[in-house]
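The values are calculated or read from the model by the stated rules, or taken from the named source; none is laboratory data. Quick caveat: nothing in here was measured; it's all calculated off a predicted structure. Reconstructed Cβ throughout: ideal geometry from the backbone, glycine too, with neighbour counts over all protein chains shown.
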Amino acid sequence: MRWSQLHIPTLREDPAEAEAASHRLLVRAGFIRQLMAGHYSMLPLGIKVRTKIIAIIREEMNAIGAQEFLLPCMHPAEIWERSGRLGHVDVMFRLKDRKGADMVLGFTHEEIFTTVAEELSSYRELPQFWYHFQTKFRDEPRPKSGLLRVREFTMKDSYSFDLDEAGLDKSFDAHRAAYERIFARLGIPAIAVEASNGTMGGKDSLEFMCPSEAGEDLVATCSNCDYAANLERATSALPAVGDEPGPAAPARLETPGVRTIEDLAAGYGLAADRQIKTLVQVMNGQPTLVLLRGDHQLQDQKLIDATGVSEIRPAHPDEIQAALGALPGSLGAVGVTDLPVIADLALRGRRDMATGANTDDVHLTGVDVDRDIEVGTWADLREVTAGEPCPRCGTPLQLIRAIECGHIFKLGRRFTTAFGVTVLGPDGSPIVPIMGSYGIGVERAMAVIAEMYHDDAGLAWPVQVAPAEVTVIPLSPRDNAVVTTAESIYADLRAARTDVVIDDRDERPGVKFKDAELTGIPVRVAVGSRDLVDGLVEVARRSTGEKERVPVDQAVKRVTEMLAAAERS
Ligand SMILES: [Zn+2]
């Protein structure tokens, strides 16, 4: 590659509105350009990195026996109707063709791969691992942060088809191991954390999370054992509370003006952990009481996961008044039999508690949860906070920001059942295969690597995904000896099959050095008139800043050694 012929539009200034380092630097170093919010054009250097990321993922997928497909990104809406997801996914892009037929731009491919699975016929064919690299479209409400949250991106998604749960366990473990190798090779320090399945259903769900301040997720981690979970799933070992038995029945307590847990605690000596917090949530149109300990917060995704209800919102005051006869501040579940009640596990067995009486300015004390409240569903609903004890070992948990880089989960038979996929078992009876689903966002991986590997001067790619491995820089393009030496080193590096670029532009050395640092090419060979008098060139490593002068005829050997060492580290 000759720099003079490449389109690498580097910028001297950071782009406005770019906050995440990856966004700022990928634009500034000429890797990507925004077309509109959430949609990016990938320029030649971006394509080089993307291609290398894809190659690593492909190698590891093929290594576990996965087969590559390519399924369309535009689908007939009818297929999504069959799975029951049409109209229930707010990020889905929909359109009509010229005949007025309803179409969908895929945000994932469970349905489409399942249509292909309709032609599986015998248990002998299973397991199958199928994958593709395909564009996904997601109508994100707030696309931002460059490639981290976009509306159009490439995903490697794979799907496994197995005869039974034991087979799925094996397929899941094979993918988990492949993902660990992929992220290690990409240089992404991802940790596998327990996750929610979101709208997909199924069980056993792991996200691969890369700790980063640019992340939008919070992960609870333990510094002592390997416990790690997305905040949407995290639990902790709360200390047991020993309650007094309390009175034989709840007692009324006049509480004029009390509206909050804090008011009741401060004014009446009823500590927050001795109170029951009553929230009214409208779930698929049904007002529902959600109970938590007074000092605990509801984690919305846990409520969704516990109930399978996707449409949940807090009730409006008039809805609350109609349902319970009181306004927020005096709500409670004692004696409520006509509304569903879901309670957090931390309330189980609690006695002598305080809660609202469903009469404004009145509370009840001496409430025994098991005796006085008709709880329909017990579930883990509360959000863990930093410092609570790890559920496995008791060490205080930490909460860290992280970027989701991959997600693998056991999908179950939802799609194979919906599409009528069966294979004949050993005894000739039909078996519905069980599926797993596994995804990695390619451009997001690129952004995460940029987040991990950069400094004030620019990007600093790991060798295995770098846009080029080496740049050869003739410092004085009008000095014949310099140009001849640089060209000969360039030719030798090409012959040695390194991915090399020569910066043959008629520019000052400072411009070339700056661009080499900004674009993050791992190794630089500078050929200057003064060193050349002594028969030397300068070889420098981008990530460490190490520089050394080596004889011209040793340059190629030294560069290849450096690349090999960098790739191993
Ligand atoms: Zn622990």
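List of remarks:
- Summed over the range 286-313, the residues that are exposed (fewer than 15 other Cβ atoms within 10 Å of the Cβ) and over 21 Å from Val91 (Cα atoms) give a count of 2.
To keep it simple, each residue is scored yes or no on (1) in contact (Cβ under 8 Å) with a residue 60 or more places away in the chain; (2) surrounded by 15 or more Cβ atoms within 10 Å (Cβ to Cβ); (3) within 16 Å of the ligand (Cβ to nearest atom).
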{"residue": "Gly376", "(1), (2), (3)": "no, no, no"}
{"residue": "Gly420", "(1), (2), (3)": "yes, no, no"}
{"residue": "Ser429", "(1), (2), (3)": "no, no, no"}
{"residue": "Gly436", "(1), (2), (3)": "yes, yes, no"}
{"residue": "Arg444", "(1), (2), (3)": "yes, yes, no"}
{"residue": "Val463", "(1), (2), (3)": "yes, yes, no"}
{"residue": "Leu475", "(1), (2), (3)": "no, yes, no"}
{"residue": "Arg478", "(1), (2), (3)": "no, no, no"}
{"residue": "Thr485", "(1), (2), (3)": "yes, yes, no"}
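- Pairs, first more than 14 Å from Ala418 (Cα to Cα) and assigned by TED's automatic domain parsing to the domain that holds Gly420 in the range 109-132, second of a type in the set (Phe, Trp, Tyr) and assigned to a helix (DSSP H, G or I), C-beta under 8 Å, six or more apart: Trp130/Phe113
- Residue match in the range 209-219 (condition: touching a Cys at 6+ places or on another chain (Cβ under 6 Å) and not polar (S, T, N, Q)): yes
- Of all residues in the range 387-402, those that are more than 11 Å from Tyr227 (Cα to Cα) and more than 9 Å from the ligand (Cβ to nearest atom) have Cβ atoms under 8 Å from Cβ atoms of residues that are among the acidic types (Asp, Glu) and part of a strand (DSSP E or B), 6 or more apart or on another chain, in Arg401/Asp217; Ala402/Asp217.
- Residue list for the range 264-321, filter: in a helix (DSSP H, G or I) and free of Cβ contacts under 8 Å to residues at least 12 places away in the same chain: Ala266, Pro317, Asp318, Gln321
- When restricted to residues that are crowded, with 16+ Cβ neighbours inside 10 Å, over 45 Å from the mean Cα position of the chain (by Cα) and farther than 13 Å from Met353 by Cα, the range 237-280 contains 1.
- Test: Ser158 is under 17 Å from the mean Cα position of the chain (by Cα) and on the phi > 0 side of the Ramachandran plot: no
- Scanning the range 322-331 for residues that are of a type outside the set (A, V, I, L, M, F, W, C), under 23 Å from Glu262 (Cβ atoms) and either touching a strand residue (DSSP E or B) at 6+ places or on another chain (Cβ under 6 Å) or in a helix (DSSP H, G or I) (or both) yields one hit, Ser330.
- Of all residues in the range 124-153, those satisfying the criterion of being more than 17 Å from Gly65 (Cα to Cα) and assigned to a helix (DSSP H, G or I) are Gly146, Leu147, Leu148.
- Some residue of the range 391-405 being crowded, with 21+ Cβ neighbours inside 10 Å, among the charged types (D, E, K, R) and under 30 Å from Gly267 (Cα atoms): no
- Qualifying residue in the range 175-183 (condition: within 15 Å of Ile440 (Cα to Cα) and assigned to a strand (DSSP E or B)): no
- Candidate set: the range 542-559, residues that are surrounded by fewer than 18 Cβ atoms within 10 Å (Cβ to Cβ) and either of a type in the set (Phe, Trp, Tyr) or under 38 Å from the mean Cα position of the chain (by Cα) (or both); chosen: the one nearest to Ala466 (Cα to Cα): Ser543
- Every pair of residues 6+ apart whose Cβ atoms lie under 6 Å, when the first sits in the range 212-224 and is more than 16 Å from the ligand (Cβ to nearest atom) while the second is among the aliphatic types (A, V, I, L, M): Ser212/Ile403; Ala214/Ala20; Gly215/Ala402; Gly215/Ile403; Asp217/Ala402; Leu218/Leu231; Leu218/Leu399
- Residues of the range 1-48 that are assigned to a helix (DSSP H, G or I), within 20 Å of Phe153 (Cβ to Cβ) and touching a Ser or Thr at 6+ places or on another chain (Cβ under 8 Å): Ser22, His23, Leu45.
- Criterion violated by Ala234 - all others in (1) in a strand (DSSP E or B); (2) within 16 Å of the ligand (Cβ to nearest atom); (3) crowded, with 19+ Cβ neighbours inside 10 Å; (4) not hydroxyl-bearing (Ser, Thr, Tyr) satisfied: (1)
- Taken over the range 174-205, the criterion of being more than 16 Å from the ligand (Cβ to nearest atom) and modelled with pLDDT under 95 is satisfied by Ala195, Ser196, Asn197, Gly198, Thr199, Met200, Gly201, Gly202, Lys203, Asp204, Ser205.
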